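The values are calculated or read from the model by the stated rules, or taken from the named source; none is laboratory data. Nothing here was measured: the structure is a model prediction, and the numbers come from that model. Cβ sites come from the backbone with ideal geometry, for glycine too, and all protein chains shown count toward neighbours.
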Amino acid sequence: MQRLRAWLLLPPLILAVAWGQELIDQLLFGGRWNLPLLPRGPLLGLLTAPFSHGDLAHLLSNSVWFLPLSWLVLLRGRGDYGLVWLLVILGQLPLWLFGRHGVHGLSGVVYGLLGFLLAIGWCERRPLAIGLSLLALIAYGGLLPSLLPFVSPPGISWSGHLAGFLAGVAAAALAASRQQPARPH
């Protein structure tokens, strides 16, 4: 029962950090205390950017997608969830090195979780993994057009979405490779 409680509480606790930052930003700094990942800026932005949002509407939009996608990945375990987070953070390095604009928000993580869920069925080819992939495709496939620059509205970082999505796909491939039994030579 404790493991289930920890599983259910982890995503809301993560959101509490983002909501806390945004509420402090709005109430004390008038929306000017952002912690984005800036091109060639402090590397700390890799860790702070997911918790920083442009405004409450931005955070609310990300929260709606973040919770269910987090819980779906957590069905497979905290190790896979942590792997998605790690690779999404590392996957933002190209944006830090080559980006033209700062990025922030949980949407990179949202797309990482979605990428993981869509790819895990293909990578593992097991019934539960395929079921998770199909569920994610049916429920959240409508988010996929935002990966394209000509579909994303101005001011939305399609490159941050794409980097997160590719990191999630990479996490699925790594998770699946850990599941495969060693082949004899």
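Just a few scattered comments:
- Residue pairs meeting the criteria (Cβ under 6 Å; at least 6 apart or on separate chains; first modelled with pLDDT under 90, in segment 122-146; second of a type outside the set (S, T, N, Q)): Ser146/His161
- Among the candidates Gly31, Gly45, Gly20, residue that is touching a strand residue (DSSP E or B) at 6+ places or on another chain (Cβ under 7 Å) and of a type in the set (Gly, Ala, Ser): Gly45
- For segment 130-143, filtered to residues that are hydrophobic (A, V, I, L, M, F, W, C) and under 11 Å from Leu72 (Cα atoms), the residue that is surrounded by the fewest Cβ atoms within 10 Å (Cβ to Cβ) is Leu135.
- Any hit, segment 98-110, residues being surrounded by fewer than 21 Cβ atoms within 10 Å (Cβ to Cβ) and of a type in the set (A, V, I, L, M): no
- Taking the criterion of being touching a residue at least 40 places away in the same chain (Cβ under 8 Å), surrounded by fewer than 15 Cβ atoms within 10 Å (Cβ to Cβ) and in a helix (DSSP H, G or I), the only residue of segment 43-63 that qualifies is Leu47.
- Selection status of Leu69, within 12 Å of the chain's Cα centre (by Cα) and under 16 Å from Ala173 (Cα atoms): no
- Single match in Leu23, Leu47, Leu27 (criterion: under 26 Å from Asp80 (Cβ atoms) and out of contact with any helix residue (DSSP H, G or I) (no Cβ under 6 Å at 6 or more places or on another chain)): Leu47
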